[in-house]
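Enquirer: Take a look at the following structure, please.
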Amino acid sequence: MSNKNSNLSILFKGLLLENPVFVLILGTCPTLATSTTVIGAIGMGLAATAVLICSNMVISMLRRFIPDTVRIPCYIVIIAGFVTVVEMFIHAYLPSLYETLGVYLALITVNCIILGRAEMFAGKNTVFKSALDGVGMGLGFTLALLSIATIREVIGAGTFAGIEIPVLVDYKIEFLQKTPGGFLIYGIMIAVVYKLTHGKAPKKTKFGCESCPSFSVCGGVKCDNTVKEAK
């Protein structure tokens, strides 16, 4: 039962508690670049998810055979191989999406989310758990892109997935389609997710005798004497 709960925890942690975009703050570049449209966000999210799952599984399989000193170059080669396959597939069957994603599709190779999960998780866990981690983190990345893209496209362009929304098309805020607008929405979403996961602001650090671990022993006498001597 505990093993099942552990697997579910690995699968779902990427959706919110350890969301790679809103909590771990990874993949900022593709997040801002491809979240201007819902179609582009979904395409980038699913492409990265496919690469993440496949690379996690292969790296986990080979983790005992890859020398520690060259593990990062080996991880990048494995990731690049899967990125090439995904890129060729999208180019062949989804040419419009390929044009939309542009250079950012190839840049999945150096996406810090994928390399980070390879280093932090796949290189230390079983194939099954690594696959679950890839699914969870990939879906978390996709949902993050989709949430930002929905706000930016609906309010910024008056459309959803390229379909005009009659009520909003004449009142769109084009600022949100630009980079500063993307940063604004990104920051707001980070704050919202932090509020949902933590519930309240972090406690302020107290300074002075009361926050000292030895306060119960000396009662602040040592600190008072030190202050007097300094004077």
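Readers should treat all values here as calculations from the given coordinates under stated rules, not as data from a laboratory. Predicted, not measured: the structure shown is a model, and the values here were computed from it. Methodologically, a virtual Cβ is constructed for each residue, glycine included, from the backbone with ideal geometry; neighbour enumeration extends over all protein chains shown.
Enquirer: For a quick check, take a GNM of the chain with Cα springs below 10 Å and name the residue from Y171, Y194, Y186 with the largest mean-square fluctuation.
Expert: Among Y171, Y194, Y186, the largest GNM mean-square fluctuation belongs to Y171.
Enquirer: Once both axes come from the Cα atoms, what is the angle between helix 221-230 and the longest principal axis of the chain, in degrees from 0 to 90, rounded to 10?
Expert: That works out to roughly 90 degrees.
Enquirer: If you don't mind, there's one more thing I want to ask. When the helix-only estimate is applied to the chain (DSSP H runs of n ≥ 4, each -39,500 (n - 2.57), divided by the residue count), what is the mean residue ellipticity at 222 nm, nearest 500 deg cm²/dmol? Don't skip to the end; give the middle numbers.
Expert: Working: 11 runs with 151 residues, N = 231.
That calculation yields -21000 deg cm²/dmol at 222 nm.
Enquirer: Relative to the longest principal axis of the C-alpha atoms of the chain, give the angle of the C-alpha long axis of helix 2-12, reported between 0 and 90° and rounded to the nearest 10°.
Expert: Rounded to the nearest ten degrees, it is 70.
Enquirer: Between L94 and T197, what's the calculated FRET efficiency when r is the beta-carbon distance and R0 is 41 Å? Round to 0.05.
Expert: Working: r = 34 Å, r/R0 = 0.84.
Calculated value: 0.75.
Enquirer: Further, regarding this structure: Is the chain best put as rounded, prolate or oblate by its Cα gyration tensor, with a ≥ b ≥ c the root eigenvalues, rounded for a/c under 1.5, and otherwise prolate when a/b is larger than b/c, oblate when not? Before the final figure, lay out the partial values.
Expert: Details: a/c = 2.54, a/b = 1.40, b/c = 1.81.
It is oblate, given that a/c is not under 1.5 and a/b is not larger than b/c.
Enquirer: Quick check: net charge around I72, other residues with Cβ under 15 Å of its Cβ, Lys/Arg +1 and Asp/Glu -1?
Expert: Local charge sum for I72: +2.
Enquirer: Moving to a separate point now. Between V85 and A106, what is the spin-label point distance in nm, taking each point 7 Å from the Cα along the Cα→C-beta axis?
Expert: Between V85 and A106, the label points sit 2.0 nm apart.
Enquirer: Of the cross-linked pairs K4/K129; K4/K195; K13/K124; K13/K178, which ones have a Cα-Cα span greater than 19 Å in the structure shown?
Expert: Values: K4/K129 11 Å; K4/K195 28 Å; K13/K124 17 Å; K13/K178 31 Å.
Too far apart for the 19 Å limit: K4/K195; K13/K178.
Enquirer: Calculate the length of the line joining the C-alpha centroid of segment 25-42 to that of segment 143-166, in whole Å.
Expert: If we compute the Cα centre of each part, the gap is 12 Å.
Enquirer: How much FRET efficiency would the formula 1/(1 + (r/R0)^6) give for V167 and T69, where r is the Cβ-Cβ distance and R0 is 45 Å, rounded to 0.05? Could you put the intermediate results ahead of the total?
Expert: Details: r = 59 Å, r/R0 = 1.32.
The calculated FRET efficiency here is 0.15.
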